[in-house]
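First comes the structure, then the notes that go with it.
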């Protein structure tokens, strides 16, 4: 451990194997709290390489509990978090809308560490009950096209670092890892990152690991398509800068995306979007992100066609009813297990 720490302190890049070894030592108890915080802090002071991130990713996936789901023909929709923008839960809503439009979603998420309300936080507040039970997850996926994988249930190796991350309260390289360590590793991915440099790193990794993907970053700092500015998007075949007008959308103001001061306010916005009782701005930004996810399943389709699918899933209430059934199934399975 000390050798690896010294290398990090000298601002040297770890090889893929060294990064893997570092994280294994952190997660299996061979590193003490001081060494873990030192490694996290030193890595935060410089850019992370694709080889390092791949090594960290491999270490976590090797130690993960892998649910036996009947399909990988699905998408994960998540962001790195850590953008500090305190938006309502756009990525989670986009995932629910994609499922409502008829596509399979296996969403990986966690509680917020550097944000007010993480995906797991809002889902739990609404009533979803997390499980690692294969039968329950498969039932949800078959019946409603979506299931939610709460990261701590599938990555017990992270139990030691969770409290330290919470105490630090800042984004770390663990934020980078979240979207890459879905234990199912579904075929498709829509991921937002909080800076431009991560687009390059993610593209390198996802080009090897996913059939199709979209990595996005709004140029004013959001880890999703916020429509408050231009955004950069990387796919397997290209990288491009798009403006809201390119998607036939009006530019938004940052305050339009604010989630409020409490989880109760965030929950109200979440359910208002699914009930189509939200502002047009809120509906459009969710539908825009959902459309990019739908496009992963059929990359030759136009954005506009995918956007129409997303809007119809909201306005028809299919996304709402589907989500309500998912919650009911999660609660039923928990009752049965007791």
Take region 157-215, compute every pairwise Cα distance, and split them into 10 Å bins from 0; I just need the percent in each bin.
19, 48, 29, 4
For the residues 98, 294, 8, what sequence is obtained by ranking on other C-beta atoms within 10 Å, fewest first?
8, 294, 98
Using only the Cα atoms of region 1-152, build the gyration tensor, take square roots of its eigenvalues as a ≥ b ≥ c, and label the shape rounded, prolate or oblate: rounded if a/c is under 1.5, else prolate if a/b is larger than b/c, else oblate.
prolate
Relative to the longest principal axis of the C-alpha atoms of the chain, give the angle of the C-alpha long axis of helix 196-209, reported between 0 and 90° and rounded to the nearest 10°.
90
Distance in Å, no decimals, from the C-alpha centre of region 247-265 to the one of region 1-21 is 40
Separation in nanometres of the label points that stand 7 Å from Cα toward Cβ, at residue 281 and residue 265:
1.4
Relative to the longest principal axis of the chain, what angle (0 to 90°, nearest 10) does the C-alpha long axis of helix 16-27 take?
90
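Between residue 321 and residue 41, take the C-beta separation as r, use R0 = 56 Å, and let me know the FRET efficiency to the nearest 0.05. Walk me through the numbers before you get to the answer.
On the way: r = 46 Å, r/R0 = 0.83.
The calculated FRET efficiency here is 0.75.
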Starting from the 7 Å offset along Cα-to-Cβ, what nm value, one decimal, do you get for the label separation of residue 248 and residue 125?
3.4
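Calculate for the chain the 222 nm mean residue ellipticity that helices alone would give, adding -39,500 (n - 2.57) per DSSP H run of length 4 or more and normalising by residue count, nearest 500 deg cm²/dmol.
-15000 deg cm²/dmol
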Rounded if a/c is under 1.5, else prolate if a/b beats b/c, else oblate: with a ≥ b ≥ c from the C-alpha gyration tensor eigenvalues square-rooted, which is region 75-328?
rounded
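Within 10 Å of each residue's Cβ, count the other Cβ atoms and sort 78, 306 from fewest upward. Show your work: numbers first, answer last.
On the way: 78 26, 306 23.
Going from sparsest to densest Cβ surroundings: 306, 78.
Report the relative contact order of the chain, percent, no decimals, based on alpha-carbon pairs under 8 angstrom and at least 6 residues apart. List each step's numbers first, then the result.
Values: 634 pairs, mean separation 71.5, N = 338.
Averaging sequence separation for qualifying contacts and normalising by length gives 21 percent for the chain.
Given axes a ≥ b ≥ c from the Cα gyration tensor, I'd like to know whether region 2-63 is rounded (a/c under 1.5), prolate (a/b larger than b/c) or oblate.
Judged from the Cα gyration tensor, region 2-63 comes out oblate (a/c at least 1.5, b/c at or above a/b).
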Return one number: the angle in degrees, 0 to 90 and rounded to the nearest 10, between the long axis of the Cα atoms of helix 134-144 and the longest principal axis of the Cα atoms of the chain.
30
For region 273-338 and region 37-78, write down the distance between their C-alpha centroids in whole Å.
26
What distance in nm lies between label points placed 7 Å from Cα along the C-beta direction at residue 49 and residue 195?
1.7
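For each of 155, 150, count neighbouring Cβ atoms within 10 Å of the residue's Cβ, then give the residues from fewest to most. Don't jump to the answer; show the numbers that get you there.
Details: 155 24, 150 21.
The most exposed by this proxy come first: 150, 155.
FYI, it's all coordinate maths here, none of it is from the lab. The shown structure was predicted, so the numbers you read here are calculated from the model rather than taken from an experiment. Please note: Cβ atoms are built from the backbone with ideal geometry, for glycine as well, and neighbour counts cover all protein chains shown.
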